[in-house]
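The values are calculated or read from the model by the stated rules, or taken from the named source; none is laboratory data. In this text, all values refer to a predicted model and were calculated from it rather than measured experimentally. Every residue, glycine as well, gets a Cβ built from its backbone with ideal geometry; the counts of neighbours run over all protein chains shown.
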Amino acid sequence: MTARRPARPGHRTTRTALASAALVTLAVVATGCELTDEVTESEQTYTVDGKTTKLDVSTPGGDIKVVADDTAEGRVKVTERLEYGKQKPATRHSLKDGALNLTAEDCGRSNGRCNVSYEVRVPRSVAVTLRTDGGNIGVTGITGTVGTRTSGGNIDVRQTAGPLTAETSGGDITISDARGKQTTAHTDGGAIDARFTAVPDRVTTDSSGGNVSVRLPQGRYAIDATTDGGNRNVTGSVDNASPHKIKAHSDGGDVGVTVGR
């Protein structure tokens, strides 16, 4: 008796052009004699007209990337990338009174992958609030208020100039070329690396399980740097009476604050 050869992996791609969006669907079937797993990927890009002053993005799983883009004449360009199994997650967007809301729903009780990732290009003065339960967050060039929260990924914030809040339950936080007056960063399971190019008024950084590094431009700061399980290093001018308050803490790693380098 001759054994039947396993079926070769199937690969199907469908492209559909829409008036304001491009949709690409890719179905991937796992190798084997019977269907064991199927993942569909789709991508849609659209433009939101009208003045946007606030951006709110929420997804149950997936990455979020926001980039400042002043060439769009006030319009917002959104790309949604979906990965799902049996049930396609629904996405919605609405613009009201300058507030643009992008929302993705989960796949209900359906098993398998269910991710909705966003890439958004906005005017740099927009205030952004970003939340994902299972992905990374990236923000570049925003001068408005930035709030980021992820339950299972890294946060990378670059060239921001407004108040910043970054929270993650399971990843690293990287802040570079920051010019905002107030910054708060907290991670339960990773490291924090925060670098400032303008003197901040208040910085609070806290990690439950990783190293914390803060680099500041030349100036005088009131620095509170503590660790419960690592080394502490403070370099530069320290003035406890300074209005510029810097707090860096780690429960289980090294803490370093460097001024003027």
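Scanning the stretch 126-152 for residues that are modelled with pLDDT under 95 and over 19 Å from Glu80 (Cα atoms) returns Ser151, Gly152. Residues of the stretch 114-143 that are over 20 Å from Thr47 (Cα atoms) and either in contact with a Phe, Trp or Tyr (Cβ under 6 Å, 6 or more places away or on another chain) or aliphatic (A, V, I, L, M) (or both): Cys114, Ile137. Going through the stretch 117-169 one residue at a time, which ones are assigned to a strand (DSSP E or B), closer than 14 Å to Ile64 by Cβ and among the polar types (S, T, N, Q)? The answer is Ser117, Thr129, Thr132, Thr140, Thr148, Thr150, Thr168.
Listed by first and then second residue, the pairs linking a residue in the stretch 82-102 that is aromatic (Phe, Trp, Tyr) to a residue that is part of a strand (DSSP E or B), with Cβ atoms under 7 Å apart and 6 or more places separating them unless they lie on different chains, are Tyr84/Thr40; Tyr84/Cys114.
This table checks each residue for (1) in contact with a helix residue (DSSP H, G or I) (Cβ under 7 Å, 6 or more places away or on another chain); (2) surrounded by fewer than 19 Cβ atoms within 10 Å (Cβ to Cβ); (3) part of a loop (DSSP other than H, G, I, E, B); (4) among the hydrophobic types (A, V, I, L, M, F, W, C).
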residue: Gly62; (1), (2), (3), (4): no, no, yes, no
residue: Gly74; (1), (2), (3), (4): no, yes, yes, no
residue: Lys77; (1), (2), (3), (4): no, yes, no, no
residue: Glu80; (1), (2), (3), (4): no, no, no, no
residue: Pro89; (1), (2), (3), (4): no, no, yes, no
residue: Leu102; (1), (2), (3), (4): no, no, no, yes
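Please determine whether any residue of the stretch 196-209 is aliphatic (A, V, I, L, M), touching a residue at least 60 places away in the same chain (Cβ under 8 Å) and in a loop (DSSP other than H, G, I, E, B). No, the conditions are met nowhere in the stretch 196-209.
For Arg124, the conditions (1) without any contact (Cβ under 8 Å) to a residue 24 or more places away in the chain; (2) basic (Lys, Arg); (3) closer than 19 Å to Gly147 by Cβ are fulfilled apart from (1).
Among the conditions (1) assigned to a strand (DSSP E or B); (2) closer than 30 Å to Ala241 by Cβ; (3) polar (S, T, N, Q), Thr174 misses just one, which is (2).
Residue-wise test of (1) within 19 Å of Val120 (Cβ to Cβ); (2) crowded, with 16+ Cβ neighbours inside 10 Å; (3) modelled with pLDDT under 95.
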| site | (1), (2), (3) |
| --- | --- |
| Asn154 | yes, yes, no |
| Asp193 | no, yes, no |
| Asp201 | no, no, no |
| Arg215 | no, yes, no |
| Gly229 | no, no, yes |
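For the stretch 177-191, filtered to residues that are within 19 Å of the chain's Cα centre (by Cα) and part of a loop (DSSP other than H, G, I, E, B), the residue that is modelled with the lowest pLDDT is Gly189.
Number of residues in the stretch 219-261 that are in contact (Cβ under 8 Å) with a residue 40 or more places away in the chain and either closer than 18 Å to Gly180 by Cβ or part of a strand (DSSP E or B) (or both) equals 14.
Evaluate the following for Ile142: is it crowded, with 17+ Cβ neighbours inside 10 Å and either in contact with an Asp or Glu (Cβ under 9 Å, 6 or more places away or on another chain) or at positive phi (or both)? Against the criterion (crowded, with 17+ Cβ neighbours inside 10 Å and either in contact with an Asp or Glu (Cβ under 9 Å, 6 or more places away or on another chain) or at positive phi (or both)), Ile142 does not qualify.
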